[in-house]
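Novice: Take a look at the following structure, please.
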Amino acid sequence: MKAILTDIEGTTSSISFVKDVLFPYARRALPGFVKARGQEPAVRRWLDEVATGLGGMCQDAMVVEVLQGWIDEDRKHTALKALQGMIWADGYRSGEFHSHFYPDAVEALRRWHADGTAIHVYSSGSVPAQRMLFAHSDAGDLTGLVSGWYDTTSGPKREAGSYRAIAGEIGLPAGDILFLSDVVAELDAARDAGLATTLLDRREDYPTARTEAEWNGHPRVESFADIPPYGSRASRR
């Protein structure tokens, strides 16, 4: 493989960090954030997009309630992800928390980067949120390892067209890119687009191992340490 494209939640980082730290923090901070910064153009843009989707002019208080409901649902809405990213940035800068990374993921990312394998990130979280997460990790600033960042503005993660578009932006044939994720439906879409794939099936995030049928033909590993050097295709276990 000439490039790695990796998911974050459940892949490089624990699901619990996002669910138990980031989401609750954004939910609590959202009303005050909107009150304090709601007239800033970068914030107003997304609030107005949500209001329009609700059918027209809505008070910010109603928009906040809707956004909090979307957080509870883990809805993959671009406006929500953008606003969450701004709120999380404040939390990182103030030292409220540091992002979690699995040590095996950090080791592999550093090794691939040193070997000249380009690393790209594709997550449902906004690109600014991804950058903040990598910059403020419990292993230090990891942003220098990443060559490209992609979020849902490139398309939904469960649609093959998104991966074709990203491969085009990376500038490599799809078959030269290995996509890593804990979500089989995302891997299915990437495979349909011609990318190589590997399922991360971590016991920390998925205590009950998925069956071979649930892998749906994707190579499966439980750690980045189990992925052969240079991102070549992993063997099934």
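Novice: I'd like to check something: does the range 149-158 contain any residue that is more than 30 Å from L83 (Cα to Cα) and at pLDDT 95 or above?
Specialist: no
Novice: Mind counting the residues in the range 14-42 that are in a helix (DSSP H, G or I), surrounded by fewer than 18 Cβ atoms within 10 Å (Cβ to Cβ) and either of a type in the set (V, I, T) or over 24 Å from the mean Cα position of the chain (by Cα) (or both)?
Specialist: Adding up the residues that qualify gives 7.
Novice: Now for a separate question. Anything in the range 184-205 that is touching an Asp or Glu at 6+ places or on another chain (Cβ under 8 Å) and free of Cβ contacts under 8 Å to residues at least 40 places away in the same chain? List them, or say none.
Specialist: V184, A189, L199, D201, R203
Novice: Could you please let me know if A82 is in contact (Cβ under 8 Å) with a residue 60 or more places away in the chain, touching a helix residue (DSSP H, G or I) at 6+ places or on another chain (Cβ under 7 Å) and not aromatic (F, W, Y)?
Specialist: Taking the combined requirement at face value, the residue does not satisfy it.
Novice: Can you name every residue in the range 165-183 that is touching a residue at least 24 places away in the same chain (Cβ under 8 Å), buried (at least 19 other Cβ atoms within 10 Å of the Cβ) and not acidic (D, E)?
Specialist: Matches in the range 165-183: I166, A167, I170, I177, L178, F179, L180, S181.
The values are calculated or read from the model by the stated rules, or taken from the named source; none is laboratory data. It should be emphasised that the depicted structure is a prediction, and the values quoted were computed from it without experimental measurement. A quick note on method: Cβ atoms are made from the backbone with ideal geometry, for glycine too, and the neighbour counts reach across all protein chains shown.
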